[in-house]
Amino acid sequence: QPLNSSSEAGFSLLELMIVVAIVGVAVMLALPDMLRSSAQSRLKQQAQELRTNMSMARMSAVNRNTTVTVSMAIVGGVVEASFGGVLPVQRMHPEIKSFGGPTQIRFNSYGMLAGVATNQTITLTNSQGVTQAVQVTPGGKVRWCQTSTCT
């Protein structure tokens, strides 16, 4: 039996426009959560990278039998961590807007904090106000914390 125009299968332009509109609304609703999740992921990655670099600076202090100073600063609007010349400078993602805590942490030749008898905590805060921290104990152990206070 031949097909005529009334029995042909397919979608009308109106049906396609409705589907596109529904998909567009769904994307608009999901986008803020995706952006927030992405920002939090970058913050976590930067904090973990800082922890790793600080641990390597500590090991360098022991291996070189010297003191290595980790310095935090904001340079040109970007948070930076420098590691006493033993590692390249870590420039944080521009989304990391500020840091808190000491501007310098020194590891002595034993891998311990030099001249400090309490935990030292550096916090990183992104543009949405979410904070993560890196803490160094007097014994030199470096750890990452998902909140601004390490307990």
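Observations on the model:
- Residue within the range 119-135 that is part of a loop (DSSP other than H, G, I, E, B) and more than 16 Å from ALA47 (Cα to Cα) present: yes
- Set GLY140, GLY115: member being of a type outside the set (S, T, N, Q), modelled with pLDDT under 95, more than 28 Å from SER37 (Cβ to Cβ) and assigned to a loop (DSSP other than H, G, I, E, B): GLY115
- Every listed requirement among (1) closer than 26 Å to THR125 by Cα; (2) crowded, with 17+ Cβ neighbours inside 10 Å is met by SER60 save one, (1).
- Of the strands (runs of 3 or more DSSP E) lying entirely inside the range 63-107, those containing at least 2 residues that are within 15 Å of ARG51 (Cα to Cα) and small (Gly, Ala, Ser) are 78-82.
- Residues (of a type in the set (Gly, Ala, Ser), more than 15 Å from ALA81 (Cβ to Cβ) and open to solvent by less than 40 Å² (accessible area, probe 1.4 Å)) located in the range 100-138: SER109, GLY111, ALA114
- Scanning the range 5-30 for residues that are open to solvent by 80 Å² or more (accessible area, probe 1.4 Å) and either among the polar types (S, T, N, Q) or at pLDDT below 80 (or both) yields SER5, SER6, GLU8, ALA9.
The values are calculated or read from the model by the stated rules, or taken from the named source; none is laboratory data. Please read these numbers as outputs of a predicted model, since none were measured by experiment. FYI the Cβ positions are ideal-geometry reconstructions off the backbone, even for glycines, and counts take in every protein chain you see. Just the protein is used for accessible areas: all its heavy atoms, side chains included, with ligands, DNA and RNA removed. Shrake-Rupley method; radii C 1.70, N 1.55, O 1.52, S 1.80 Å.
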